[in-house]
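Worksheet: the structure to be examined is printed underneath.
The values are calculated or read from the model by the stated rules, or taken from the named source; none is laboratory data. Treat the numbers as computed from the prediction; the structure is a model and nothing was measured. Cβ coordinates were reconstructed from backbone atoms using ideal geometry, including for glycine residues, and neighbour counts include every protein chain displayed.
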Amino acid sequence: MKVSGVKRNPDSVPEDERAYCDEIVGNDQYDRVISEADFVVGVLPGVPGLTDDFFNMESTFSKMKKNAVFMNIGRGTCVNEEDLIKALNTKMIGGAVLDVFKKEPLDKSSGLWECENVLITPHCADRDADFLKRSIVNFGVNLDKYAEGGLTNLDNVVDKNKGY
C-alpha cells in the first residue's frame, strides 16, 4: 500500500504507523504514486476553493493505469464527474467505486449511471458491522457530556466552516 497526501514530513511518521504501508510519500510524489497505484482512494474533505474537482482528468485520471480503479468515499465535490465519466467510458481507467457525489442523491440524468465499469453505493461507505453500536455509544457519551456542560466538550463535532 502507498499513501499519498501526508501533510507532515514523511520521515516523521512513527514506526508503528509505517508498519501498515510499503511507502509513505508527500504530495511531491503524487504523480508517481498515482501512475503506479492499482486503487486510488479519495478521502478528501470538501473544502471550497481547495479540494473542489481535485480529482480530475489532468491531475489524476489521465495518469492512472488502464486497469486501475478510482474510489471516492470522501466528498463528492472533490471529483470532476464529467472527467471521470470520460475516463470510464473511454476505458482510460479500469473502473470506479463511488459512494459520494456532487449532488446527492445522484441525479437520474448523470452519465455515471450509464457507465458499465462503475459501482455506485448509496453514501454508506462508513457502515460496517459495528456502525450502529458505535453510533449509539457515541450518542450516549455526547448526551452525558451535554448534560454536564452543554455543547463545549462534545466528541465528533462537525465544523461546517472547514467543510468537514
Quiz item: Pairs, please: C-beta under 8 Å, at least 6 apart or cross-chain, first residue within 21 Å of F39 (Cβ to Cβ) and in the stretch 103-132, second surrounded by 12 or more Cβ atoms within 10 Å (Cβ to Cβ) and among the polar types (S, T, N, Q)?
Solution: C115/N89
Quiz item: Can you tell me which of N72, N117 is surrounded by fewer than 17 Cβ atoms within 10 Å (Cβ to Cβ), on the phi < 0 side of the Ramachandran plot and not charged (D, E, K, R)?
Solution: N117
Quiz item: Got at least one residue in the stretch 138-146 being surrounded by 14 or more Cβ atoms within 10 Å (Cβ to Cβ), at pLDDT 95 or above and assigned to a loop (DSSP other than H, G, I, E, B)?
Solution: no
Quiz item: Does the stretch 111-164 hold any residues that are among the hydrophobic types (A, V, I, L, M, F, W, C) and within 30 Å of N80 (Cα to Cα), and which are they?
Solution: L112, W113, C115, V118, L119, I120, C124, A125, F131, V157, V158
Quiz item: Considering K108, K86, K103, K160, which residue is at pLDDT 95 or above and within 18 Å of the chain's Cα centre (by Cα)?
Solution: K103
Quiz item: Looking only at residues in the stretch 111-145 that are within 17 Å of the chain's Cα centre (by Cα) and of a type in the set (V, I, T), which one is farthest from V69 (Cα to Cα)?
Solution: T121
Quiz item: Does N67 fit the bill of being polar (S, T, N, Q), surrounded by fewer than 16 Cβ atoms within 10 Å (Cβ to Cβ) and either closer than 24 Å to K103 by Cα or modelled with pLDDT of 95 or more (or both)?
Solution: yes
Quiz item: Across the stretch 91-110, what is the number of residues that are among the aliphatic types (A, V, I, L, M) and closer than 10 Å to V69 by Cα?
Solution: 3
